[in-house]
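The values are calculated or read from the model by the stated rules, or taken from the named source; none is laboratory data. Nothing here was measured: the structure is a model prediction, and the numbers come from that model. Glycine also receives a Cβ, built like all others from the backbone with ideal geometry; neighbour counts cover every protein chain displayed. Note: areas computed on protein heavy atoms with side chains; ligands, DNA, RNA excluded. Shrake-Rupley method; radii C 1.70, N 1.55, O 1.52, S 1.80 Å.
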Amino acid sequence: MDGNVPVLKIIMVGTGGVGKSALTLQFMYDEFVENYEPTKADSYRKQVRIDGFIDYHHMNKRSGDNEVMVDILDTAGQEDYAAIRDNYFRSGEGFLCVFSITEAESYAAIRDFREQILRVKGDDVNIPFLLVGNKADLDERRVVSQEEAQKLADSWNVPYIETSAKTRMNVDTIFNHLLKDIYTKKIADAQTSNGTKAKKPKKRKKTKCLLL
């Protein structure tokens, strides 16, 4: 494990039973666990190579390096406790917000999760975020249409992707997509921070004028 590899933190968000853990375990270990019921939040780490990743070697200091360390926090009901939930959301750099296409209540809850994340993140609408409709293998039991979910995602200006933890459909896609978004934002934030530091002398001068 290389200490120079950037660590990117993903938070799995959604109501119980939508398949957050199943998606995480499928991504981590290539296995499907149907009746996994975590009693506490679980954290996973894995070094991955992201396909089609933009070469940001000026940040990594290593040209052509597509390796990142993904840190996934799989929440497990603690969303009900505001202080714990807010700490989770505050620590996350990107969010996979998961609902089941077979459960209307899980879809309805997505709006609240989105609002809570934005509140904790200071209304940063550009926070890396994917809306995920899981259990696509159960299409005959679908109650949330693809068009409806896509319309909601479009209103938030975020991607919508349907998955199946059981068949592994789009599992790698959602994690890779979010990791790219997180890393791109890290680059932009770092550049903004450097630009702000360069302007500090001007800010002091403005403050002095206001005092006069």
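From the list Asn126, Asn134, exactly one residue is polar (S, T, N, Q) and either at pLDDT 95 or above or crowded, with 17+ Cβ neighbours inside 10 Å (or both). Which is it? Explain how you work it out, then say what you get.
Numbers: Asn126 fails: either at pLDDT 95 or above or crowded, with 17+ Cβ neighbours inside 10 Å (or both).
Step by step, each of Asn126, Asn134 is checked, and only Asn134 is polar (S, T, N, Q) and either at pLDDT 95 or above or crowded, with 17+ Cβ neighbours inside 10 Å (or both).
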Would the stretch 184-193 turn up any residue that is buried (at least 16 other Cβ atoms within 10 Å of the Cβ) and part of a helix (DSSP H, G or I)? yes
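Hey, does the stretch 197-212 have a residue that's open to solvent by less than 90 Å² (accessible area, probe 1.4 Å), modelled with pLDDT of 50 or more and either over 19 Å from Asn66 (Cα atoms) or in a helix (DSSP H, G or I) (or both)?
Step one: list which residues in the stretch 197-212 are open to solvent by less than 90 Å² (accessible area, probe 1.4 Å), which gives 198, 201, 207, 209.
Okay, now just the ones that are also modelled with pLDDT of 50 or more, so none.
No - not one qualifying residue is present in the stretch 197-212.
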Give the residues of the stretch 167-183 that are in contact (Cβ under 8 Å) with a residue 40 or more places away in the chain and in a helix (DSSP H, G or I), sorted by residue number. Val171, Asp172, Ile174, Phe175, Asn176, His177, Leu178, Leu179, Lys180, Asp181, Ile182, Tyr183
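Got a sec? Which of Ala108, Ala76, Ala83 is open to solvent by 30 Å² or more (accessible area, probe 1.4 Å) and either among the aromatic types (Phe, Trp, Tyr) or modelled with pLDDT under 90 (or both)? Steps first, answer last, please.
On the way: Ala108 fails: either among the aromatic types (Phe, Trp, Tyr) or modelled with pLDDT under 90 (or both); Ala76 fails: open to solvent by 30 Å² or more (accessible area, probe 1.4 Å).
From the options Ala108, Ala76, Ala83, the qualifying one is Ala83.
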For the stretch 10-19, name all the residues that are open to solvent by less than 20 Å² (accessible area, probe 1.4 Å) and either of a type in the set (Gly, Ala, Ser) or over 12 Å from the mean Cα position of the chain (by Cα) (or both). Gly14, Val18, Gly19
So for the stretch 126-136 (the condition being in a helix (DSSP H, G or I) and closer than 27 Å to Phe32 by Cα), does at least one residue qualify? yes
List the residue pairs whose Cβ atoms are under 8 Å apart, where the first residue sits in the stretch 121-137 and is within 18 Å of Tyr88 (Cβ to Cβ), the second is of a type in the set (Lys, Arg) and open to solvent by 60 Å² or more (accessible area, probe 1.4 Å), and the two are 6 or more positions apart or on different chains. Lys121/Arg90
Open to solvent by 20 Å² or more (accessible area, probe 1.4 Å) and touching a Pro at 6+ places or on another chain (Cβ under 6 Å): which single residue out of Asp154, Asp181 fits that description? Asp181
